[in-house]
1. May I ask you to list the residues in segment 73-96 that are open to solvent by 30 Å² or more (accessible area, probe 1.4 Å), within 16 Å of ligand 2 (Cβ to nearest atom) and in a helix (DSSP H, G or I)?
2. Restricting to segment 8-23, what's the tally of residues that are in contact with a Gly (Cβ under 7 Å, 6 or more places away or on another chain) and either free of Cβ contacts under 8 Å to residues at least 60 places away in the same chain or of a type in the set (A, V, I, L, M) (or both)?
3. Scan segment 319-326 and give yes if some residue there is more than 23 Å from the chain's Cα centre (by Cα) and surrounded by fewer than 18 Cβ atoms within 10 Å (Cβ to Cβ), otherwise no.
4. Looking at segment 203-215, is at least one residue within 22 Å of MET161 (Cβ to Cβ) and in contact (Cβ under 8 Å) with a residue 60 or more places away in the chain?
5. What is the number of the single condition among (1) in contact with a helix residue (DSSP H, G or I) (Cβ under 9 Å, 6 or more places away or on another chain); (2) touching a residue at least 60 places away in the same chain (Cβ under 8 Å) that ALA54 does not meet?
6. Six or more apart or on different chains, Cβ atoms under 6 Å: show the pairs whose first residue is in segment 135-150 and closer than 16 Å to TRP201 by Cβ and modelled with pLDDT of 95 or more and whose second is small (Gly, Ala, Ser) and within 16 Å of ligand 2 (Cβ to nearest atom).
7. Determine which member of the set LEU101, LEU140 is within 16 Å of ligand 2 (Cβ to nearest atom), surrounded by 19 or more Cβ atoms within 10 Å (Cβ to Cβ) and under 23 Å from the mean Cα position of the chain (by Cα).
8. Just to be sure before I move on: is PRO112 under 20 Å from THR339 (Cβ atoms), within 16 Å of ligand 2 (Cβ to nearest atom) and open to solvent by 20 Å² or more (accessible area, probe 1.4 Å) in the structure I sent?
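The values are calculated or read from the model by the stated rules, or taken from the named source; none is laboratory data. Since we're looking at a predicted model, the values are computed, not measured. Ideal geometry is used to build each Cβ from the backbone, glycine not excepted, and the neighbour counts take in all protein chains shown. SASA here: full protein model, heavy atoms, side chains in, ligands and nucleic acids out. Shrake-Rupley method; radii C 1.70, N 1.55, O 1.52, S 1.80 Å.
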Amino acid sequence: MQFEIAALLGDGVGPEVATEAIKVLEAVGERFGHDFKFHYGLVGGAAIDATGVALADETLQMCKGCDAVLLGAVGGPKWDDPQAKVRPEDGLLALRKELGLFANLRPVKVLPMLVDSTNLKPDVVRGVDLVVVRELTGGLYFGQPKKRWQTAEGRFAVDSMLYSDREIERIMRVGFEMARTRRKKLTSVDKANVLESSRLWRQVAIEVSADYPNVELDHMLVDACTMRLIQKPAYFDVVVTENTFGDIITDEASMLAGSMGMLPSASLAGIPKGGVSKAYGLYEPIHGSAPSRAGQNIANPIATILSTAMMLRYSFNLAMEADAVEKAVIAVLEEGYRTYDIMEPGKNRVGTKEMGSLITQKILS
Ligand code: IPM
Ligand code: MG
């Protein structure tokens, strides 16, 4: 089969890690007889430098013409001036909104050979296998009004945590569909003791749960959730939450796995049903552009490589191929190869390219 992939490598370590992910996809194509065609475009600071905007319209159109998007990372100190009119992050937010990527899946799986590379006690993180389903195109990030103004009383600013029942329903369905094929437990995270939007959130969660009698639903306040994530992370299976809450708790949850360099993500425009999925999606590592690590061949490409496994699974419905990528990653780690971020005494330290090549070779062997 032929698949068209938009490749937006971005800034900082983005191009380095995405290049390794492309190598891996090409190996999957060779082994399983698929043709992955890459269409390159600019996003973030690289796009600002070349075109003056963080995402040119032709790049957006190119993405729309593809089956999926692979993204490296955006941002860097060069474009960080708070007064700047355009910011690299605008490119990412525009992609999410314009491509309708409302469901952000952020799995956190602690691999047994990495339990000692976290700051938490091995007993706390052992066996953690959760996925945060973050609503990505609504809530505080996009709700209107969103503005600044000035009066005689001083300067004001507002962001709105606005949700419709439909937006909540579709993200809940993504969560329930995932939970159905996992441990059948869904935690809906909100702030219903204070926020009106959270009370609607909770009500819709209960309504949608009627369609999934085999999945256990519980509700947790977001502040309690941040505590629970450190105290007993293995409690969680599927977590569904609002855009900003999801932004915050996924950074926290990423620390369970030792390094952000290990964690992939998928942002989908559709609902994967019963493990079958051909949803349009954008795939990127959870980590940022890490400017201080750029150009040194040290960044960990595993998060981006695991993101391609999610692409194979959720956009191309190629579960076997996705498994092959994940198994290759595990095999290379089991052999003791580590990038700097997950390095431990007695292991074999390798660079970005070497890690990519080791994983590629496993897929081809
Ligand atoms: C993320 C990032 C983005 C977000 C930034 C870069 C706009 O933190 O993907 O979690 O806030 O959503
Ligand atoms: Mg974030």
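1. Within segment 73-96, GLU89, ASP90, LEU93 meet the criteria.
2. Summing the residues that are in contact with a Gly (Cβ under 7 Å, 6 or more places away or on another chain) and either free of Cβ contacts under 8 Å to residues at least 60 places away in the same chain or of a type in the set (A, V, I, L, M) (or both) in segment 8-23 gives 5.
3. Looking through segment 319-326, none of the residues is more than 23 Å from the chain's Cα centre (by Cα) and surrounded by fewer than 18 Cβ atoms within 10 Å (Cβ to Cβ).
4. Among the residues of segment 203-215, not one is within 22 Å of MET161 (Cβ to Cβ) and in contact (Cβ under 8 Å) with a residue 60 or more places away in the chain, which makes the answer no.
5. (2)
6. LEU136/SER267
7. Every option except LEU101 fails the conditions.
8. no
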